[in-house]
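Single-structure report; data block below.
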Amino acid sequence: MAGPKVAVVGLGMGRGHARAAAENSKAELAALCDVDEGKLERYRTELECPKVYTDYKAMLDAEELDIISVSLPNYLHKPVTIDALRAGAHVICEKPMAMNTAEAEEMKQVAEETGKHLMINLSYRFTGAAKVLKRIVDAGTVGPVYFVRTGWNRARGIPKFGGWFAQKKLSGGGPLIDLGVHRIDLALMLMGDPKPVTISASTYDHIGTRLAKEQNKPFDVEDLATAFIRFDSGATMHVEASWALNTERAEEMFTYLYGTKAGLCHRNTGEGYDFEAYIFGEWGDTYVTSQIKDLPERENSMDHFIDVVADGVEPLVTAENGVNVMRILDGAYESARLGREIEV
Ligand SMILES: NC(=O)c1ccc[n+]([C@@H]2O[C@H](COP(=O)([O-])OP(=O)(O)OC[C@H]3O[C@@H](n4cnc5c(N)ncnc54)[C@H](O)[C@@H]3O)[C@@H](O)[C@H]2O)c1
C-alpha cells in the first residue's frame, strides 16, 4: 500500500515539514500551498513536489490527502485546520494551536467528529533531553514535582519584526503565546498534566513599543510576560517569556523542575534545538549536580506524525494538550489585562 500523501500549507516553518515528508520513505510529498508564488516555485523544484497551489481550498478540492501540515500565521490555524479535517486529512498544526481556547476547543471537536488525528507541533517535546527527563520523572526518581521555574527570554528577538507576529489580530499575542507556549507545554508534560486553578500574570511592552516607534513598525502585543500558576496538585509554576528584555543571554530557554527527592533542568546551550539536561539532589551524604549525558537525537515531528498515521503510533502531542496550554495562555492574558489573579 502506498504511504500517506502529505501536503504543507505555509512555507515558512512549513518548509521543514515539507522536506521531512519528501525525505521520508514511508510518505509522499503530494502538494505545497502558499500565497507567495516565488516560494512555491522555489520549493516545488527543490523538493520535487508534483503539485503547487496558492489557494488551500482549491488544493483540498483537487487532491486526496492523508496528512496536511498547517504552518500558517496563527489567525489561520483554526479555519484551515477545520477545513483540512473536514476534507478527510489528519492534521499537524503549528503552535500555538489557535488564537484562544475557544478556537482550540472547536478544532479539537472537529477532529473528534471526523475521527482524524490533530497533532499540535509543540516541538520541544521531541528533544532528546525532554524525553529522558520525562522517563526520569515517570520512574519516580524526583518524587512529586511541587515547583517549576520556566521561561524563554530573548534579549532582542521580535520575530520577523514588521510582520504578523507582533500584530494581536493576526497572532493572538506576543512572546507568551509564541515562545511561552512551548515552555509551559513542556512543563505540563513533565509534571503529568496537572490542572491549573489560578493564574496571576503581568505583561509589559516598554522595549517593543519603543523599537516599533523608532522603526515605524506595527506592534500591539507584549514584549515580556510573567506568570505565576497554581495547580490542583498544590504545585506552582513561574513562567517568563520575552522577545525584548535587557538580559544577559541572547536567547535563554530553561525549565527547572523541583521535586521532593531531586530536581531536574532542561535548558538550551545555543540557538535552536541544542539542549542539555541536569539532575540535582542528595546522593547518600553528598549533594550532587550531575549532567545527564548521551541524550538521544531529537525526533522530527513530521516523521513522528507520519508514523502516527501510517503505523498507528501513539501521538506525542494531542489536541487536548494544545487546548490545555491555550487555557493557561488565555488565563495569563486575562489576568494581566485585569491586573489581578484570576481563577481558570
Ligand atoms: N514549532 C516551532 O518551533 C515553530 C517555529 C517557528 C514558527 N512556528 C509557527 O509556525 C507558524 C508559521 O510561522 P512562520 O515563522 O513560518 O511564519 P511565516 O510568516 O514565515 O510563514 C508563513 C507562510 O504562510 C504563507 N501564507 C500566509 N497566508 C497564507 C494563506 N492564506 N494561504 C497559504 N499560505 C499563506 C506566507 O506566505 C508564508 O510563506 C506560526 O504559527 C508559528 O508560531 C513554530
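Read the figures in this text as sums done on the coordinates, not as results from a lab. Note that the structure is predicted; figures quoted are calculated from it, not measured. Note that each Cβ is placed from the backbone with ideal geometry, even for glycine, and that neighbours are counted across all protein chains shown.
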Within a Gaussian network of the chain (alpha carbon springs, distance under 10 Å), most fluctuating of 66, 274, 205: 274
Fewest-first ranking of 219, 280, using other Cβ atoms within 10 Å as the exposure measure: 280, 219
Volume per residue that the Cα convex hull of the chain spans, once the total is divided by residue count, Å³: 145 Å³
Peptide ranges 89-97, 5-13, 286-294 listed from the most packed, as the mean C-beta count within 10 angstrom indicates: 89-97, 5-13, 286-294
25 Å Cα-Cα threshold exceeded, pairs from 95/116; 26/108; 57/95; 39/160: 26/108
Stokes-Einstein D (µm²/s) once Rh is taken as the Kirkwood radius of the range 108-162 over alpha-carbon pairs, at 20 °C in 1.002 mPa s: 140 µm²/s
Overall form of the range 241-310 per C-alpha gyration tensor (a/c, 1.5; a/b vs b/c): oblate
Dipole magnitude of the range 115-210 about its Cα centre (Cβ charges: Lys, Arg +1; Asp, Glu -1), debye to nearest 20: 240 debye
Size-normalised alpha-carbon gyration radius of the range 125-297, reference 2.2 N^0.38 Å: 1.11
Vicinal HN-Hα couplings computed from phi for the range 222-233 (Karplus, 6.51 cos²θ - 1.76 cosθ + 1.60; Hz; Gly/Pro x): 6, 9, 8, 10, 10, 8, 10, 10, 9, 10, 5, 6
Karplus-derived HN-Hα couplings along the range 175-192 (A = 6.51, B = -1.76, C = 1.60, θ = phi - 60°), whole Hz, x at Gly and Pro: x, 5, 7, 8, 9, x, 3, 5, 6, 5, 4, 4, 4, 4, 4, 5, 7, x
Ranked by how many other beta carbons lie within 10 Å on average, peptides 155-162, 74-81, 138-145 from highest: 74-81, 155-162, 138-145
Residues with amide H under 5 Å from that of residue 318, placed H, sequence gap 5 or more: 120
Backbone HN-Hα couplings from phi across the range 114-121 [Karplus 6.51/-1.76/1.60, Hz, Gly and Pro as x]: 8, x, 9, 6, 10, 10, 9, 7
